[in-house]
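The values are calculated or read from the model by the stated rules, or taken from the named source; none is laboratory data. Keep in mind the model is a prediction, meaning the values are calculated, not measured. As a convention, Cβ positions derive from the backbone with ideal geometry for all residues, glycine included, and neighbour counts pool all protein chains shown.
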Amino acid sequence: MGFIEENEKERKSFVRKWAKYVRTHSDKDWSKQQNVIINSALKSANMTREQFFKMKGETNFVKYKDYR
Amino acid sequence: MKFIDKKTIEINRELSELDKFTLDFVKILKKYTNYVLVSGYVSILLGRARVSEDVDVIIQRIDFSTFQALYKELKKNNYYCLNAEKESTIYDYLSNNLAVRFAKKDKTIPNIELKWVKHKFDKLAIEDTIDVKLSKGDLKISNLELQIAFKEEILKSPKDLDDANHIKEVAKEYLDKKLIQKYKGMLRGFY
């Protein structure tokens with residue numbers, strides 16, 4: 001198995017295990033752990049409007065019509 | 001996480017900064033129009049271990065004067081539109097089926113990606129919602145079967161497939177699997 005396939009297998013396995021954890025533990029328990037990821041990522045997010053739209057590929061600050 | 005009935009989920013979660021941001025925006029938005037939260041934030045709200053820089057929201061079409069009132073209140077509460085400043089320009093974008101983004105002043109992330117109901121699946125999403133009850137308020141999300149079908153049948157990126165798998169696991173006892181297949185068939189015929 002190549003690196004990409006191995007990586008994909010591990011990612012899927014983590015998603016499955018974590019979802020099972022969420023299903024079988026209290027909301028307070030899993031959300032406290034989840035918030036470490038969310039809150040730290042949002043805290044360190046520091047982009048200008050131009051950088052953000054460039055990252056999203058939204059030319060001229062707008063998205064093309066066939067969104068979603 | 002309690003699935004109280006087909007239309008209600010109660011989550012006694014510790015609110016993340018993304019949840020607080022969404023609740024704050026929705027508190028204003030819902031005074032002016034119906035809305036539904038779709039896509040990545042739905043799986044994050046239900047526990048998926050990832051972050052998103054934006055929250056996708058579909059709203060019913062509103063007239064210009066209603067939009068003016070909404071925009072005025074958003075600005076009063078320190079929101080700005082990332083796409084444009086003039087209300088007529090923002091309204092034109094929405095009227096042309098383009099999405100517009102709102103964030104808190106001096107920030108770009110997180111932001112709300114707001115768009116009008118555009119086609120029958122958006123209509124389905126906004127008409128068949130689930131109320132998620134949180135400690136500081138309620139949020140309306142699209143029905144989970146449609147979210148899963150859309151992510152598996154149309155979007156198909158690893159991130160979207162993982163989102164779908166997460167929802168399928170946490171809601172496994174409550175999902176209507178036949179409905180997922182039905183939506184997938186409808187989506188295949190549409191896109």
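Kindly indicate whether A:Val62 is of a type in the set (Val, Ile, Thr), under 24 Å from B:Ile109 (Cα atoms) and more than 7 Å from every other protein chain (Cβ to nearest Cβ). Judged against the criteria, A:Val62 is not a match. If the condition is being closer than 16 Å to B:Phe64 by Cα and at the interface with another protein chain (Cβ under 8 Å from one of its Cβ atoms), then region B:101-117 contributes only B:Lys115. Annotation note: Cβ proximity below 6 Å between a residue of region B:26-42 that is assigned to a loop (DSSP other than H, G, I, E, B) and a residue that is among the hydroxyl-bearing types (Ser, Thr, Tyr) and modelled with pLDDT of 95 or more (sequence gap 6+ or interchain) occurs for B:Tyr32/B:Thr66. When restricted to residues that are out of contact with any strand residue (DSSP E or B) (no Cβ under 9 Å at 6 or more places or on another chain) and within 11 Å of chain A (Cβ to nearest Cβ), region B:146-191 contains 16.
Among the conditions (1) at pLDDT below 95; (2) closer than 29 Å to A:Ala41 by Cα; (3) in contact with a helix residue (DSSP H, G or I) (Cβ under 9 Å, 6 or more places away or on another chain), the only one that B:Asp106 does not satisfy is (3).
For the structure I just gave you, tell me whether B:Lys104 is in contact with a Pro (Cβ under 9 Å, 6 or more places away or on another chain) and in contact (Cβ under 8 Å) with a residue 24 or more places away in the chain. Considered against the rule, which asks whether it is in contact with a Pro (Cβ under 9 Å, 6 or more places away or on another chain) and in contact (Cβ under 8 Å) with a residue 24 or more places away in the chain, B:Lys104 comes out as yes. The residue list B:Lys168, B:Lys118 contains one member that is modelled with pLDDT under 95 and among the charged types (D, E, K, R), which is B:Lys118. Between residues in region A:24-46 that are more than 7 Å from chain B (Cβ to nearest Cβ) and residues that are modelled with pLDDT of 95 or more and part of a helix (DSSP H, G or I), which pairs lie under 8 Å by C-beta distance while being six or more apart or on different chains? The qualifying pairs are A:Lys43/B:Glu17. Here B:Lys20, B:Lys31 are screened, and the one residue that is over 16 Å from the mean Cα position of the chain (by Cα) and of a type in the set (D, E, K, R) is B:Lys31.
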